[in-house]
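Data first, discussion second: the structure below is written as structure tokens.
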Amino acid sequence: MSLNVEHKNAEVQDLAEFSALEQSYLRQMEGVEPLIGYLCLRVPPEYIEASGAIPMRLIPRSGFDVQGSHSIRTDGCSFCRTLPALLQLDYYRGLSAILFGSCCDQMRRVSETLATVQDIPVHLYGAPRSWNQPKDYFQQEMTNAFTKIQIVTGKTPTNGELNEKIRQRNRLKATVIGLRQNGRLPTSMLHQIAASPLPPEPIIDYLARYVRRAPTDIKIRLLLTGSIPGVWELSEFESAGACIVADATCLGDRVFSRVIEENGDAVTALYQGYVGANDCPHRRPNTPLIEYMQKLISERKVGGVIFRSVKYCHPWGLAAERMKKDLQLPILILNDDLTSPAVSNLRTRVGAFIEMLKSNQARR
């Protein structure tokens, strides 16, 4: 058995172990704290935790059927179209409320749709689309949305409680980034942690025992960027003979990249870290996002880029054009709709791209 196959088998076992840890925690907390679903990197999980709830990030998960829901029009963003179907999964059935933080028009529309078809509160707060808009309005939007969440939880956190949650998350971020920079945390586990309902402490404890290292025979090192990944794309990328060593999607390294100020006004610090400084492709100009990817490419010795966007996600589509010019690496541009029928075409194109990179390496 090759080192790479042994590594992938161990990775699958690690993911199962971590998932069991999450399920055990959720069973233990059932009826103790409400579950709050949230979308987007603009929603600080610290705020949800300090408000006396468990943050449940809404992401593509195994078992959903996007064709089973017709509440979102077919030419809408594929991720938005998955949300009604995702909420039918057992994993999300116990939610007490859903919170969006977004400047995406399709996200706004799907939040309005969910508010009409779900029997729980659904709240959205807006975010700036450019870098020069005043923060006071948008920070008040975020504060107002969390005030509504606190009606559900029955708890309004103090500034000290918020700062303590920030300190805990900062420790987790530092742990994860350290492991990623040393090649000891595969992207599959990164995605699991990024969406985990677990508090930071048990994740940090788990990672302290985590001794997995990247396979020693990696030749093709890739950056993954674009829309939120589905449940099967990552394994297809790496089964083709490459390794995703850097991930600039909103389920990857960006989740852990920004440390929040711990000792001042906590609400202002959370706004600045999650909304004001957010490098989402919706922000114009998208220079901070490009610079972040350039930094990852340099630090992780990346040799190629896979850009994957869900259909009708226009901000990421526009960003792709700039990436071709500024990242100065071979780039594969993919579009899919988060459904498994797209896998055959994706597998063919990814395989050809990685063979091209291998051929380029062999000629050097």
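The values are calculated or read from the model by the stated rules, or taken from the named source; none is laboratory data. Just so we're clear, the structure is a prediction, and the values are computed from it rather than from any experiment. Glycine also receives a Cβ, built like all others from the backbone with ideal geometry; neighbour counts cover every protein chain displayed. For the accessible areas, the whole protein counts, side chains as well, though only heavy atoms, and no ligand, DNA or RNA atoms are used. Shrake-Rupley method; radii C 1.70, N 1.55, O 1.52, S 1.80 Å.
Has the stretch 330-346 got any residue that is at pLDDT 95 or above, surrounded by fewer than 21 Cβ atoms within 10 Å (Cβ to Cβ) and farther than 16 Å from I244 by Cβ?
Within the stretch 330-346, none of the residues are at pLDDT 95 or above, surrounded by fewer than 21 Cβ atoms within 10 Å (Cβ to Cβ) and farther than 16 Å from I244 by Cβ.
What number of residues within the stretch 291-308 are without any contact (Cβ under 8 Å) to a residue 12 or more places away in the chain and of a type in the set (G, A, S)?
1
What residue, among those in the stretch 183-201 that are open to solvent by 40 Å² or more (accessible area, probe 1.4 Å) and touching a helix residue (DSSP H, G or I) at 6+ places or on another chain (Cβ under 7 Å), is farthest from A248 (Cα to Cα)?
By that ranking, first place goes to E201.
Among the candidates V255, V231, V245, single out the residue that is in contact with a Lys or Arg (Cβ under 7 Å, 6 or more places away or on another chain), open to solvent by 10 Å² or more (accessible area, probe 1.4 Å) and at pLDDT 85 or above.
V245
Which of the helices (runs of 4 or more DSSP H) found entirely inside the stretch 235-333 contain at least 1 residues meeting this: in contact with a strand residue (DSSP E or B) (Cβ under 8 Å, 6 or more places away or on another chain) and within 30 Å of E161 (Cα to Cα)?
Helices (runs of 4 or more DSSP H) meeting the threshold: none at all.
Quick check on this structure: which one of V32, V43 is open to solvent by 30 Å² or more (accessible area, probe 1.4 Å) and modelled with pLDDT of 95 or more?
Checking each option against the conditions leaves just V32.
Find all pairs meeting these conditions: Cβ atoms under 6 angstrom apart; at least six residues apart or on different chains; first residue within the stretch 243-271 and over 30 Å from I220 (Cα atoms) and hydroxyl-bearing (S, T, Y); second residue buried (at least 21 other Cβ atoms within 10 Å of the Cβ) and modelled with pLDDT of 95 or more.
If the second residue must be buried (at least 21 other Cβ atoms within 10 Å of the Cβ) and modelled with pLDDT of 95 or more, the pairs left are Y271/M142.
Could you check, for the stretch 298-307, whether at least one of its residues is among the polar types (S, T, N, Q) and either more than 24 Å from M356 (Cα to Cα) or open to solvent by 20 Å² or more (accessible area, probe 1.4 Å) (or both)?
yes
Quick check on this structure: which one of R73, R81 is modelled with pLDDT under 85 and either surrounded by fewer than 16 Cβ atoms within 10 Å (Cβ to Cβ) or touching a His at 6+ places or on another chain (Cβ under 9 Å) (or both)?
R73
Going through the stretch 274-291 one residue at a time, which ones are within 16 Å of the chain's Cα centre (by Cα) and open to solvent by 30 Å² or more (accessible area, probe 1.4 Å)?
H282
Tally time: how many residues in the stretch 263-273 are open to solvent by 20 Å² or more (accessible area, probe 1.4 Å) and farther than 17 Å from S51 by Cα?
3
Would you be able to tell me the number of residues in the stretch 142-171 that are surrounded by fewer than 18 Cβ atoms within 10 Å (Cβ to Cβ), under 22 Å from G276 (Cα atoms) and among the charged types (D, E, K, R)?
Number of matching residues: 5.
For residues in the stretch 82-106 being in contact (Cβ under 8 Å) with a residue 60 or more places away in the chain and part of a helix (DSSP H, G or I), which is nearest to G52 (Cα to Cα)?
Only one residue tops the list, namely T82.
Taking the residues in the stretch 109-122 that are open to solvent by 90 Å² or more (accessible area, probe 1.4 Å) and at pLDDT below 90 as candidates, determine which candidate is nearest to the chain's Cα centre (by Cα).
That would be R109.
Any residue that is of a type in the set (K, R) and closer than 20 Å to L296 by Cα - is there at least one of those in the stretch 160-169?
Looking through the stretch 160-169, none of the residues is of a type in the set (K, R) and closer than 20 Å to L296 by Cα.
Filter the stretch 235-266 for residues that are within 16 Å of A277 (Cα to Cα) and aliphatic (A, V, I, L, M); which is farthest from the chain's Cα centre (by Cα)?
Once the filter is applied, the top-ranked residue is A266.
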